[in-house]
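Undergrad: I'd like to ask some things about the structure below.
The values are calculated or read from the model by the stated rules, or taken from the named source; none is laboratory data. Computed from a predicted model, the values in this text were never measured in an experiment. All Cβ positions, glycine included, derive from the backbone under ideal geometry; neighbour counts span all protein chains shown.
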Amino acid sequence: MKLLRCVIALCLALAMLASLTACHKQGEVALTVGDVEITSGLYSYYLVAADSEAKQIIDDSEDYDSTAKNFSYYKTTIEGVKFEEYVKNLALKKCREYAAYEILIKKAGTTAEEDSIKSMVDFYWETYGFKAIYEANGVGYDTYLKANIHEAKKSEYFLNIYRKGGEKALTEAERQKAVDEHYAAIYSIEYSWGSEEGGTEQKAKEKLDAYAERLKKGETFEKLYNEHNDIKDSSDKEDNTSSTTSNTSSDSQTSSDSEQEKEPAPKDELLNVIGDEDTGYTFDLFSDVKAMKKDEIKVISDAENKIVYLVIKKDINSDSYYRDVQLEDDIISLLKEEDFKKEMDEYIDSLKYTVNKYAVNQFKVKKIYDGQ
């Protein structure tokens, strides 16, 4: 799906502006849910999102070939509903969800790091051509920023319920069970032979097999890791490990002020956490690693991605940091996201809403500018 992934010529985007939003009044209320008002600009934002999501469904469908000559999304159906109607229904659903979360977020006093969100939004708005696409659809910068801040607060609201001290905080036993079943800790060195000129799987295996033999003879993993990554001193080591391990520098940084309390950090910065496909730490060869014994050394190949790994399985429970800090949010999503969504769907359905049909009908699905 190419939507929102390529830089768009601003002049083309502006040419589309008049056709889509000629009757769109700035600040006009398109939808009211409870005491939350959804402006026409915010409605358009979610209409664009719904259009993108619907097109992705069609692209992934075995029933249609979206690359075929003369193909039209508007001739397709999703779940028996015509494409345009599906997009409008989905946009309405997203707006209602927005309002429901806004009510709950306000009640809970949920906050987000708005300065960092604004920096990210500014980058994508200007650099990735989002400005051209969204403005062509009647969505201004302030609305785009508002929607992104909302998404961050929405995520925090959900996580805060199940974090330690939250209303429905996960028990240590729940977190521990999830760690044992879905995650593992490893030392690893990878050889991406597919990106190397003249590289072969055999050559990669031979190099890592040699490392494995040296480990078995008593050399330390740190020494081999530094050698493989051409790390000369401690400062280089810090820079490299921060970009190659899943224990990022944001987790392990400590305050430069010795008087301030140090942030939690892992005991071993070279240790990587991996997970199965249901986690945010997905590792394609997770099942191979899971079957290994503690401290077992193995060279395994990911032929599809043309990468060979030297892996030493370690005990993830040797450091409570992973269970209690690094993986807390990921475990919450793993265990509670589905049930929470069901609860939210019930709450959303309980809220009365009214639609300003005149405002909503100004936006036509066929006239959405998606950068193509």
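Undergrad: Here's a check for you: in the range 136-154, which residue that is of a type in the set (Gly, Ala, Ser) and over 12 Å from Thr111 (Cβ atoms) is surrounded by the fewest Cβ atoms within 10 Å (Cβ to Cβ)? So that I can check it myself, show each step before the final result.
TA: The initial filter retains those residues of the range 136-154 that are of a type in the set (Gly, Ala, Ser), namely 136, 138, 140, 147, 152.
This time we only want the ones that are over 12 Å from Thr111 (Cβ atoms), so: 136, 138, 140, 147.
On the way: Ala136: 26, Gly138: 23, Gly140: 16, Ala147: 19.
Top of the filtered list is Gly140.
Undergrad: Would you please list the contacts, defined by Cβ atoms under 6 Å and residues six or more apart or on different chains, that run from a residue in the range 38-49 that is in contact (Cβ under 8 Å) with a residue 40 or more places away in the chain to a residue that is acidic (Asp, Glu)?
TA: Hits for this filter: Ser40/Glu28.
For (1) of a type in the set (A, V, I, L, M, F, W, C); (2) in contact with a Ser or Thr (Cβ under 8 Å, 6 or more places away or on another chain), each residue gets a yes or a no:
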{"residue": "Val139", "(1), (2)": "yes, yes"}
{"residue": "Ala147", "(1), (2)": "yes, no"}
{"residue": "Lys153", "(1), (2)": "no, yes"}
{"residue": "Ile189", "(1), (2)": "yes, no"}
{"residue": "Ser195", "(1), (2)": "no, no"}
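Undergrad: So in the range 334-355, with the set limited to residues that are out of contact with any helix residue (DSSP H, G or I) (no Cβ under 8 Å at 6 or more places or on another chain) and touching a residue at least 60 places away in the same chain (Cβ under 8 Å), which one is surrounded by the most Cβ atoms within 10 Å (Cβ to Cβ)? Let's see the steps before the verdict.
TA: Applying the first criterion (out of contact with any helix residue (DSSP H, G or I) (no Cβ under 8 Å at 6 or more places or on another chain)) to the range 334-355 yields 338-339, 341-343, 345-346, 349-350, 352, 354.
Pick out the ones that are also touching a residue at least 60 places away in the same chain (Cβ under 8 Å) and you get 352, 354.
Details: Lys352: 7, Thr354: 9.
For the range 334-355, the residue satisfying everything is Thr354.
Undergrad: Scan Ala210, Ala132 and give me the residue that is assigned by TED's automatic domain parsing to the domain that holds Glu346 and among the hydrophobic types (A, V, I, L, M, F, W, C). It would help to see each step written out before you state the result.
TA: Values: Ala210 fails: assigned by TED's automatic domain parsing to the domain that holds Glu346.
It is Ala132.
Undergrad: Another question, then. So which residues in the range 47-76 are exposed (fewer than 15 other Cβ atoms within 10 Å of the Cβ) and within 18 Å of Lys367 (Cα to Cα)? Steps first, please.
TA: Residues of the range 47-76 that are exposed (fewer than 15 other Cβ atoms within 10 Å of the Cβ), as a first pass: 56, 60-63, 65, 67-72, 74-75.
Gln56, Asn70, Phe71, Ser72, Tyr74, Lys75 - these are the residues of the range 47-76 that are exposed (fewer than 15 other Cβ atoms within 10 Å of the Cβ) and within 18 Å of Lys367 (Cα to Cα).
Undergrad: Which count do you get for residues in the range 95-127 that are in a loop (DSSP other than H, G, I, E, B) and either acidic (Asp, Glu) or touching a Phe, Trp or Tyr at 6+ places or on another chain (Cβ under 7 Å) (or both)? Even if it seems obvious, please write down each step before you answer.
TA: Taking the range 95-127 and keeping what is in a loop (DSSP other than H, G, I, E, B), we get 109-113.
Applying the additional criterion that residues be either acidic (Asp, Glu) or touching a Phe, Trp or Tyr at 6+ places or on another chain (Cβ under 7 Å) (or both) yields 110, 113.
Going through the range 95-127 one residue at a time, the tally reaches 2.
Undergrad: So, of the residues in the range 265-282 that are within 19 Å of Leu334 (Cα to Cα) and of a type in the set (Asp, Glu), which turns out to be surrounded by the most Cβ atoms within 10 Å (Cβ to Cβ)?
TA: Checking each candidate, the answer is Asp276.
Undergrad: Same structure again: I'd like the residue in the range 162-219 that is polar (S, T, N, Q) and touching a residue at least 60 places away in the same chain (Cβ under 8 Å) and, out of all such residues, is farthest from Leu271 (Cα to Cα). Give the steps one after another, and end with the answer.
TA: Residues of the range 162-219 that are polar (S, T, N, Q), as a first pass: 171, 176, 188, 192, 195, 200, 202.
Imposing the further condition that a residue be touching a residue at least 60 places away in the same chain (Cβ under 8 Å) reduces the set to 176, 188, 192, 195.
Details: Gln176: 18, Ser188: 8, Ser192: 19, Ser195: 24 Å.
Step by step, filter the range 162-219, then rank; the result is Ser195.
Undergrad: Still on this structure, please answer the following. If you take the residues of the range 319-372 that are over 28 Å from the mean Cα position of the chain (by Cα) and assigned to a helix (DSSP H, G or I), which of them is nearest to Tyr128 (Cα to Cα)? Give the derivation first.
TA: Going residue by residue through the range 319-372, those that are over 28 Å from the mean Cα position of the chain (by Cα) are 350-364, 366-367.
Now restrict to residues that are assigned to a helix (DSSP H, G or I): 350, 357-360, 366-367.
Details: Ser350: 38, Lys357: 33, Tyr358: 33, Ala359: 29, Val360: 28, Lys366: 23, Lys367: 21 Å.
Checking each candidate, the answer is Lys367.
Undergrad: Taking Lys294, is it under 30 Å from Tyr187 (Cβ atoms) and either outside the structural domain of Asp51 (by TED's automatic domain parsing) or buried (at least 16 other Cβ atoms within 10 Å of the Cβ) (or both)?
TA: Yes, satisfied.
Undergrad: Do you know which of the residues in the range 128-141 that are assigned to a helix (DSSP H, G or I) and touching a residue at least 40 places away in the same chain (Cβ under 8 Å) is nearest to Asp329 (Cα to Cα)?
TA: Selected residue: Phe130.
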